[in-house]
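See structure below.
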Amino acid sequence: MDWKLELVFVPVSDVDRAKDFYVNRVGFNADYDERPMDGIRFVQLTPPGSACSICIGEGLNDAPPGTAPSLQMVVSNIQEAHDQLKANGVDVSDIDVQDWGHFVYFADPDGNKWAVQYIPHRPNG
């Protein structure tokens, strides 16, 4: 039996601002944005090529905005990822080269922290 992690909640203070950041600056796909009942708004966003999405919204969780655990994505080209984020206005770190991978870091408008990793010894990152 497979156990697949496919959705991670990211607490934000302003759903529309966060959706705009993740879709228009980071490049996530906007999969779903609905209000299934009063007091609930569920927005699902997925990084291109990922089987795991994030969700943001209203009435979903009591976690304070900006308190998501450090999140990480893996890419096949760290320079391209860095350049894309920077070109889209994301405050992204310089590339950090480590023995186990190359990284860039950024945070969303609420301070939820992200790492983007390239793994040199693995095909396609």
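The values are calculated or read from the model by the stated rules, or taken from the named source; none is laboratory data. Predicted, not measured: the structure shown is a model, and the values here were computed from it. Counting neighbours? That spans all protein chains shown, and the Cβs are built from the backbone with ideal geometry, glycine included. Ligands, DNA and RNA are stripped out before the accessible areas are found, and what is left, the full protein with its side chains, is counted by its heavy atoms. Shrake-Rupley method; radii C 1.70, N 1.55, O 1.52, S 1.80 Å.
With the condition kept exactly as written, say whether any residue in segment 22-45 is in contact with a Pro (Cβ under 8 Å, 6 or more places away or on another chain), more than 23 Å from Gly101 (Cα to Cα) and in contact (Cβ under 8 Å) with a residue 60 or more places away in the chain. Show your work before the answer.
So the first thing to find is which residues in segment 22-45 are in contact with a Pro (Cβ under 8 Å, 6 or more places away or on another chain), and the list is 26-29, 42.
Subsequent filtering for residues that are more than 23 Å from Gly101 (Cα to Cα) retains 29, 42.
Next, only the ones that are in contact (Cβ under 8 Å) with a residue 60 or more places away in the chain stay: none.
Scanning segment 22-45, I find no residue that is in contact with a Pro (Cβ under 8 Å, 6 or more places away or on another chain), more than 23 Å from Gly101 (Cα to Cα) and in contact (Cβ under 8 Å) with a residue 60 or more places away in the chain, so the answer is no.
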For Ala51, indicate whether it is open to solvent by less than 20 Å² (accessible area, probe 1.4 Å), in contact (Cβ under 8 Å) with a residue 24 or more places away in the chain and within 27 Å of Gly89 (Cα to Cα). no
Go through segment 1-30 and count every residue that is surrounded by 12 or more Cβ atoms within 10 Å (Cβ to Cβ) and either acidic (Asp, Glu) or within 18 Å of Ala68 (Cβ to Cβ) (or both). 19
With the structure loaded, tell me whether Val43 is farther than 17 Å from Lys19 by Cα and either of a type outside the set (Phe, Trp, Tyr) or not in a loop (DSSP other than H, G, I, E, B) (or both) or whether it fails that test. no
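Restrict the check to segment 24-35 and report whether at least one residue is over 24 Å from Asp2 (Cβ atoms), among the hydrophobic types (A, V, I, L, M, F, W, C) and part of a strand (DSSP E or B). Spell out the reasoning first.
Just the residues of segment 24-35 that are over 24 Å from Asp2 (Cβ atoms), to begin with: 24-27, 30, 33-35.
If we keep only those that are among the hydrophobic types (A, V, I, L, M, F, W, C) as well, we get 26, 30.
Then keep just the ones that are part of a strand (DSSP E or B); that gives 30.
Yes - at least one qualifying residue is present in segment 24-35.
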List the residue pairs whose Cβ atoms are under 6 Å apart, where the first residue sits in segment 56-76 and is more than 20 Å from Arg122 (Cβ to Cβ) and open to solvent by less than 70 Å² (accessible area, probe 1.4 Å), the second is assigned to a loop (DSSP other than H, G, I, E, B) and of a type in the set (A, V, I, L, M, F, W, C), and the two are 6 or more positions apart or on different chains. Ile56/Val10; Ile56/Val12; Pro65/Val12; Ala68/Val10
Based on this model, can you work out whether Asp110 counts as more than 18 Å from Lys19 (Cα to Cα) and either in a loop (DSSP other than H, G, I, E, B) or open to solvent by less than 80 Å² (accessible area, probe 1.4 Å) (or both)? no
Run Asp94 past the list (1) among the acidic types (Asp, Glu); (2) over 18 Å from Asp16 (Cβ atoms); (3) not in a loop (DSSP other than H, G, I, E, B) and report the number of the one that doesn't hold. (3)
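Could you tell me whether any residue of segment 17-38 is among the aromatic types (Phe, Trp, Tyr), out of contact with any strand residue (DSSP E or B) (no Cβ under 6 Å at 6 or more places or on another chain) and closer than 17 Å to Ala51 by Cβ? Explain how you work it out, then say what you get.
Applying the first criterion (among the aromatic types (Phe, Trp, Tyr)) to segment 17-38 yields 21-22, 28, 32.
Checking which are out of contact with any strand residue (DSSP E or B) (no Cβ under 6 Å at 6 or more places or on another chain) leaves us with 21.
Right, trim to closer than 17 Å to Ala51 by Cβ and you get none.
No, segment 17-38 has no match at all.
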